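**Student:** My questions all concern the structure below.
The values are calculated or read from the model by the stated rules, or taken from the named source; none is laboratory data. Everything quoted here is computed from the prediction, not taken from an experiment. Positions of Cβ are generated from backbone atoms using ideal geometry, with glycine treated the same way; all protein chains shown enter the neighbour counts.
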Amino acid sequence: MADTLARPDIPTRERLLAATAEVLGRHGMTKLSLSEVAQEAGVSRPTLYRWFASKRELLDAFVVWEREYYERAVTEATADLPPHERLDAALRVIVDYQQSYPGLRMIDIEPEQVIKRLSRVIPLMQYRLERLATGPDAKLAVATAVRVAVSHYLVRADDDEDFLAQVRHAARVRHHAP
């Protein structure tokens with residue numbers, strides 16, 4: 001997402017939403033400052049208001065943008081892969097996303113907001129991954145992997161390599177090095 005902010009060729013709306021992710025990661029939803037979002041995106045506050053009339057409108061658009069960002073990343077990562085490799089590619093997207101996302105520590109800032117949001121995100125993640133899963137008990141394996149990913153999100157550790165291995169294990173994905 002930080003890459004989006006550094007590129008002047010990215011449309012203003014996209015830069016504003018990427019900037020929102022950065023600011024949310026620092027301050028959470030309650031203390032989200034539209035002035036700080038505009039500054040982070042490199043636009044004036046009146047420009048921000050041309051795109052989003054209020055903080056609520058910006059946050060609503062951000063939720064949709066973030067979901068689409070994830071969906072696009074999974075689609076790109078799994079394109080042209082054989083069916084038995086797609087779930088592993090999607091799991092790598094989840095791990096990479098969590099490791100790079102600026103809002104990762106939002107749980108420390110506003111836990112009640114994050115918990116509320118996770119109750120909507122978990123079923124969507126499971127549904128998306130179930131479509132990629134194969135083999136016996138695929139639905140159970142995916143549900144377990146999602147719970148491991150959420151646990152890692154809630155209580156982050158410095159085990160980035162182990163995180164991917166844990167999610168793969170939970171999903172019963174056998175990874176073979178290239």
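**Student:** From the residues in region 58-79 that are acidic (Asp, Glu) and at pLDDT below 95, which one is surrounded by the most Cβ atoms within 10 Å (Cβ to Cβ)? Walk me through it before giving the result.
**Tutor:** Initial filter on region 58-79 (acidic (Asp, Glu)): 60, 66, 68, 71, 76.
Add one more test, that the residue is at pLDDT below 95, and what stays is 60, 66, 68, 71.
On the way: Asp60: 12, Glu66: 20, Glu68: 11, Glu71: 13.
The extreme case among them is Glu66.
**Student:** Mind checking which residues of region 114-130 are surrounded by fewer than 14 Cβ atoms within 10 Å (Cβ to Cβ) and closer than 15 Å to Arg86 by Cβ? Write out each step before concluding.
**Tutor:** Quick first cut of region 114-130, residues surrounded by fewer than 14 Cβ atoms within 10 Å (Cβ to Cβ) only: 115-116, 119-120, 123-124, 127.
Matches in region 114-130: Tyr127 only.
**Student:** If you don't mind, another one. Among the residues of region 130-138, is there at least one that is modelled with pLDDT under 90 and among the basic types (Lys, Arg)?
**Tutor:** Within region 130-138, the subset modelled with pLDDT under 90 is 134-136.
Now drop any that are not among the basic types (Lys, Arg), which leaves none.
No, the conditions are met nowhere in region 130-138.
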